[in-house]
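A quick write-up on the structure given underneath.
The values are calculated or read from the model by the stated rules, or taken from the named source; none is laboratory data. Model, not experiment: these values are computed from the prediction. All Cβ positions, glycine included, derive from the backbone under ideal geometry; neighbour counts span all protein chains shown. SASA here: full protein model, heavy atoms, side chains in, ligands and nucleic acids out. Shrake-Rupley method; radii C 1.70, N 1.55, O 1.52, S 1.80 Å.
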Amino acid sequence: MIVNFSIQNFRSIKEKILLSFEATKSDDLESYYINEIQGKKKFRLLKLGLIYGANASGKTTILEALDFLRDMVLEPFEKKTKTFDFKPFLFDENTPNENTIFNIEFIQNKIKYLYEVEFNEKSICKEKLNYFNPNKANIFERETDTEKQLTKIKFGSKISISQKYKTALEANTLWNNTVLSGYLKTNFESFELQEVINWFSEKLNPIINPDSSLFPFISENIENKKIDKKNIINLLKKADFNISDISIDKKEEKIDTEFFNLISKALNFTNEKINKIKKTGTFESREITFHHSFGNETQYPLNYEDESAGTQRYYQIAGLLDLMIRNESIFSIDEIESSLHPDLIKHFLLSFLVNAKNSQLIATTHHRELLMEKDIIRNDAIWFTEKKDNGSTDLFSLADFNSSVIRNTSSVYNAYKIGKLGANPNLKDYFIDLENEK
């Protein structure tokens, strides 16, 4: 699980901001929101983080930064001439020439790790990995000679690694690779490095955008039993979709490899699957049929493509919900309300909070009405992004406000709606002067 994640000088984010999942001392909804991890040290971590804010205030940028970090670890460049596809904060004289910095603390198998990486468009400049078992100890530190484009790695005193493997790892860690991604290309074993790689690859999932199609991912995982089809049907029934069964038929089709290369980045496929498609020139498609029942045993089939956008969307996020309930998973969803009725969003979040034990969900939303639900919302799980006067993103929690702004009896919804909490668009009057436009 994520303890906290900080970002500095990345797209709309200039000064360092911190998204934290460490719970406050409040015992509100404790059994639903808090995962208490008993390791060498006890951690009380929130399962949910909801981010509100105006358009272009930086909500999505936070999720994109986490996704960017995941790719830096798991998708290393093969050539040192490749550059990172991002921009630092541009509305400033200095920041375009300064480095970007990410810090993330997370728990893997009851041990806390702290990973820090400093980089620019061309290279990884500095990198550090510590762990707490129970006391803080360094796993490695890395610095890059940017003139020679060479990496130097120093391992901590508690980490045993031969000079042979250290040399091999340095050789495989190009100046635009993280040490972790260099490890992926090096044939030796390190318990600590492998634990961190496992967390990034098995626990932290790619960002889900409003236009992301999870259809292939969910359907394939139903087939390989990683997602329980019965649970999906049950979730769809409880959401009032009258779906009593789902059938999946597979078929192989030929695909133009050049076209596939253009669209592959937009698909939620593993590298293994992408490489298989490129090699064979065939694409394995699935046709899904939903069977609807209305008060009797008769089932009426309807193809997935003919279902409403809301039904399709809920089928997809129901699959995510099953994964989060049955495994330790972290998902980030941009605009969680996309294509869904407000009651369905509430139902989905409640289903997650009640049933998922070791997973986390990070979501951006404009759905203010959730803030009315004081019986299901904790203050430390609500975050706001706001555009500062210099155009950069500020991030703060509802728990940061004292009782002079928000009391226990206050309506968070009303306070946010009237601008008392900030994070709203600064709109001007409605008048359009057509006369002066001539």
Zero-based 10 Å bins, Cα pair distances in the chain, whole percents = 4, 18, 27, 26, 17, 6, 1, 0
query = Using modelled amide H (1.01 Å from N, peptide plane; none on Pro or chain starts), what sits under 5 Å from the amide H of PHE401, excluding residues fewer than 5 places away?
reply = none
ask   = So how strong a dipole does the chain carry about its Cα centre when Lys and Arg Cβ are +1 and Asp and Glu Cβ are -1, to the nearest 20 debye?
value = 1620
remark   = Scaled by the rule-of-thumb 2.2 N^0.38 Å, the alpha carbon Rg for the range 82-206 gives a ratio of 1.10
query = Using alpha-carbon pairs under 8 Å, 6+ residues apart, how would you state the relative contact order of the range 304-438 in percent?
reply = 18
ask   = Using alpha carbon centroids, what distance separates the range 1-80 and the range 389-438, in Å?
value = 23
Bridge type composition, the chain - antiparallel percent by DSSP, nearest 5 = 85
task = Pull up the cross-link candidates among the lysines for LYS79, meaning alpha carbon to alpha carbon under 17 Å and not fewer than 8 places away within one chain.
result = LYS122, LYS148, LYS185
query = Using every alpha carbon pair in the range 27-118, what percent of pairs falls into each 10 Å bin from 0 up to the bin containing the largest distance?
reply = 11, 31, 34, 18, 6, 0
task = Would you work out which of LEU184, TYR315, PHE396 lies farthest towards the positive end of the dipole of the chain, given +1 charges on the beta-carbon of Lys and Arg and -1 on that of Asp and Glu, about the Cα centre?
result = LEU184
note = Taking a probe of 1.4 Å and leaving out DNA, RNA and ligands, the chain shows per residue an accessible area in Å² of 52
remark   = So the carbon and sulfur contribution to the accessible area of the chain, 1.4 Å probe, in percent, is 47
key: Neighbour net charge for GLY39 - beta-carbon separation under 15 angstrom, K R +1, D E -1   = +2
